[in-house]
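Structure first, commentary second.
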Amino acid sequence: MEKRLVVALDIKDGEKAIRMARDLSPEVFAMKINWPLVLYSKPEIISEIASFSRVICDFKVADIPNTNRLIVERVRDLGAYAVIVHSVFGHDSLSAAVEAAGDTRVIAVVSMSHPGAREFIGPLGDRLLDLALSSGTYGIIAPGNDPETLSALKSRSGSLKIFTPGIGAQGGDPAEAVRAGSDYLIVGRAIYDSPDPLGEARRINDRISKATLPQ
Ligand code: XMP
């Protein structure tokens, strides 16, 4: 069965990140990297990790169309499997990212998992999902620690893949997220801060598999 776990490598040490990516690669669908790792190491770490696993660049690209294009072209050329882009800045900005991405997939943020998301982005979820659906994106980010919002977005998301952070350190439960419609579960601290990251990844995969089986 294809793995559905995405490990967020929010660490600063590039050598450690590469070791973790190599060791965890049999247990993951993809590794997700964010600004901390790239800023503390180098952009080419994307290509280095891509030699072990798919890489999702969580750069939450959020700018005018031209700047989005410049960022996404570089990410694409470095071999990323996907890049995360904000949808809240409108159709032109999101579409520019999709066009620039080529074979690299664009995953649109339509909701977020932290408490502050309720202030502004939360109430816009349905409209942002419509934008993602009409802009040729591959997937969306939806909160793995809010099953109600997740299943509401899932019911309207057509063939978009749903990636859910918020599992573990932010309170979300893997089995509940799968039942609410998550396709891929993003887990960071619960794995990379564990004394046994590989064992933790296997335990989470086990919970995902059990939740996937018919009840
Ligand atoms: P933890 O340590 O909380 O890491 O398991 C979660 C990872 O996912 C990112 N994150 C989000 N990304 N929308 C996003 O696009 C969200 O709602 C969201 N919540 C968490 C976070 O940056 C970290 O890499």
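The values are calculated or read from the model by the stated rules, or taken from the named source; none is laboratory data. Note that the coordinates shown come from a computational prediction; the quantities given were computed from them, not determined experimentally. We place every Cβ from the backbone using ideal geometry, glycine too, and count neighbours over all the protein chains shown. In case anyone asks, the SASA skips ligands and DNA or RNA and just uses the protein heavy atoms, side chains included. Shrake-Rupley method; radii C 1.70, N 1.55, O 1.52, S 1.80 Å.
For this structure, a couple of remarks:
- Residues whose amide H falls under 5 Å from that of residue 54, counting only those 5 or more places apart or on a different chain, are 31, with hydrogens built in the peptide plane.
- Heavy atoms of residue 179 accessible to a 1.4 Å probe, total area in Å² rounded to 10: 150
- Probe 1.4 Å, protein heavy atoms only - accessible area per residue of the chain in square angstrom: 46
- Given +1 at the Cβ of Lys and Arg, -1 at the Cβ of Asp and Glu and no other charges, the dipole of the chain around its Cα centre is 260 debye to the nearest 20.
- Ordered from longest to shortest, the equivalent ellipsoid semi-axes for the range 5-211 are 24, 22, 14 Å, each the square root of 5 times a Cα gyration tensor eigenvalue.
- FRET efficiency for the pair residue 127 and residue 176, taken as 1/(1 + (r/R0)^6) with r the Cβ-Cβ distance and R0 = 30 Å, rounds to 0.70.
- Of the chymotrypsin sites (Phe, Trp or Tyr not before Pro) found in the range 115-215, those in coil by DSSP whose Cβ has at most 15 other Cβ atoms within 10 Å are 120.
- Model label points for residue 159 and residue 213, set 7 angstrom from Cα along the Cα-to-Cβ axis, are 3.1 nm apart.
- Antiparallel bridges, percent of DSSP beta bridges restricted to the chain (to nearest 5): 0
- Residues 91, 86, ordered by accessible area of protein heavy atoms at a 1.4 angstrom probe radius and largest first, appear as 91, 86.
- Placing dummy labels 7 Å off each Cα toward the beta-carbon, the span from residue 23 to residue 77 is 3.4 nm.
- Note on residue 99 and residue 64: the model spin-label points, each 7 Å out from Cα along the C-beta direction, lie 1.5 nm apart.
- FRET efficiency for the pair residue 42 and residue 120, taken as 1/(1 + (r/R0)^6) with r the Cβ-Cβ distance and R0 = 45 Å, rounds to 0.85.
- Residue-level accessible surface for residue 16, protein heavy atoms, 1.4 Å, Å²: 80
- Per-atom-type breakdown for the range 5-211 gives carbon and sulfur 51% of the accessible area (1.4 Å probe, protein chains only).
- Violating pairs (Cα-Cα greater than 30 angstrom) within the set 16/154; 161/210; 12/210; 60/154; 3/42: 16/154; 12/210
- What the phi angles of the range 176-192 give under the Karplus curve with 6.51, -1.76 and 1.60, with θ = phi - 60°, is a coupling list of 5, 5, 4, 5, 7, x, 5, 8, 9, 9, 9, 10, x, 3, 4, 9, 6 Hz, glycine and proline written as x.
- Which of 153, 131 is most accessible, then next, and so on - probe 1.4 Å: 131, 153
- Summarised as an ellipsoid, the range 89-182 has semi-axes of 22, 14, 12 Å, derived from the eigenvalues of the Cα gyration tensor scaled by 5 and square-rooted, with the largest first.
- Taking all protein chains as they are arranged and a probe of 1.4 Å, the heavy atoms of residue 212 leave approximately 60 Å² accessible to solvent.
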